[in-house]
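What follows is a set of notes on a single structure, which appears directly below.
The values are calculated or read from the model by the stated rules, or taken from the named source; none is laboratory data. Worth saying up front: this structure is predicted, and the values here are computed from it rather than measured. Please note: Cβ atoms are built from the backbone with ideal geometry, for glycine as well, and neighbour counts cover all protein chains shown. The area values use the complete protein model at the heavy-atom level, side chains included, leaving out ligands, DNA and RNA. Shrake-Rupley method; radii C 1.70, N 1.55, O 1.52, S 1.80 Å.
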Amino acid sequence: MLTKESSVLRSTSELLDKVNPRLRSVMIPWIMRHPRIITALGRMSRSFRKCEKLRNGSAERGVIVPPALILSITSACNLQCSGCLAVAAGNVRRMTPSANLSSYDMDHIQWKSIIKQGNELGVFCYIVGGGEPFMYGRLLDLVGEFRDRLFLIFTNGTAIRETDFERLKSLPNAVIVVSVEGSKDITNDRRGNHVYERAMTAMTHMSSLGILTGISVNINRANVHEWMSSDLLDHFTERGVRLAFLIEHIPTRAVLEGTSIPLDESVLTPDERSAFRTKVLEYKKTKTIFLIHSPGDEEYLGGCVSAGRGFAHVAPSGDLTPCPVSNVATHNLTRSTLEEGLRSPLFTEIRANEHLLETEGMPCALFAHPDEVVELAERVGAYRAGERS
Ligand code: SF4
């Protein structure tokens, strides 16, 4: 006779296998070492299946709802990393420790409303970024309020307070993904003195508390050589990290600037891109850490998953954009509903023009078709996110 726990474990295992067999083989051993989260997993598995049904119902009503919504929850950040994409996209405004951006950023009630709308439409996962999400004081209130939804929180790891660590122990629906560049020197060079040490301390502490952690890496010409050796992945895996987001550097220029602005020198060359992809596919077979490679895995899924295909993005101001780097919008969610935004010509036309979602050897599809994106944005009356808040 199966106990309640073992039946939850079995249905979770089936669900993870359906999402990705590799995810199951990495996560089930971790879950077995942290049985206290099994009850929460039962709740989340039921919610995952309910969300699929809700999204199918939404599609029948003509609105494509992504399984994930990216929330740039604050435009504040306590670091000044060189080449910050969030700054280039206008999602970070002032990087001062005591930033008060209430005039620009949405408030707690507005964020709760967006998550409630997303839940009703069938969104299951909220990917929280910024700026630095732990600069947003009520972040864990949101995670605690929506316990049947998954929150992937992308942080620089240096703004998490002791009280946050304690609260995270009782929030198994939160996964903490810490940004690093690679080794200590290369991370501190880009992110600032001692940022690596502080991020590692946070990661090791969270693993010891049984909080599921991951890393996020901006793969660029300065660090790709380090990630071509498996030592780094092994280093993080030994410290309890179970997820790694390997995101190839995207040119830091605004979408609306078209082809006039040259690409930056951090973008991988085509040879580096293909060598790195080969290496990632090898790691996916051999490493006990679950890897997500962008855009490599998207190309595998038929191209870019922005504009509601896989996700959509809400800027700190409330503007709904196709993704965090494509800073164009037609709807602001302080004045429109999420459904109205997802039904917008900006989203429907990007999805309808499938070729716009092909990366064509570039790390980002929208940057592979700059003039067409500008033309489309102008045709649907899009504005630069943050300029109409
Ligand atoms: S921590 Fe993130 S948002 Fe803050 S400056 Fe660095 S890259 Fe930008």
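Under the convention that each Lys and Arg Cβ holds +1 and each Asp and Glu Cβ holds -1, the size of the dipole of the chain around its Cα centre is about 1660 debye. May I ask you to derive the FRET efficiency for LYS184 and ARG161 from their Cβ-Cβ distance with R0 = 25 Å, giving the value to the nearest 0.05? Efficiency for this residue pair is about 0.60.
Let's test the formula: R0 of 41 Å, r as the Cβ-Cβ distance of SER274 and VAL19. What FRET efficiency results, to the nearest 0.05?
Values: r = 27 Å, r/R0 = 0.65.
The formula returns an efficiency of 0.95 here.
Each Cα pair under 8 Å and six or more residues apart adds its sequence gap; the mean of these over the residue count of segment 68-301 is a relative contact order of 17 percent.
Under the Kirkwood approximation for Rh and a Cα-based Rg, what ratio Rg/Rh is obtained for segment 4-60? Walk me through the intermediate numbers first.
Working: Rg = 12.4 Å, Rh = 11.9 Å.
On the Cα set of segment 4-60, Rg over Rh gives 1.04.
Length gained on full extension, SER7 to LEU209, computed as 0.36 nm times the residue gap minus the Cα-Cα distance: 70.2 nm. Measure off, as a whole percent, the carbon and sulfur share of the 1.4 Å-probe accessible area of the chain, all protein chains present. Exposed carbon and sulfur together represent 55 percent of the surface. Computed on segment 273-386, with alpha-carbon pairs under 8 angstrom and 6+ residues apart, the relative contact order is 24 percent. Computed on protein heavy atoms with a 1.4 Å probe, the accessible areas place GLU387, GLU282 in the order GLU387, GLU282, largest first.
Per-residue packing, averaged as other Cβ atoms within 10 Å, sorts the ranges 323-336, 228-241, 184-197, 203-216 into the order 323-336, 203-216, 184-197, 228-241, beginning with the highest. Over all projection directions, the Cα-based convex hull of the chain averages an area of 18.0 nm². Using every pair of distinct Cα positions in segment 100-209, the Kirkwood expression returns a hydrodynamic radius of 15.0 angstrom. Reported value for segment 143-182: 74 Å³ per residue, from the convex hull of its C-alpha atoms. Restricting attention to the chain, the count of lysine pairs at 8 or more positions apart or across chains with alpha carbons under 27 Å apart stands at 24.
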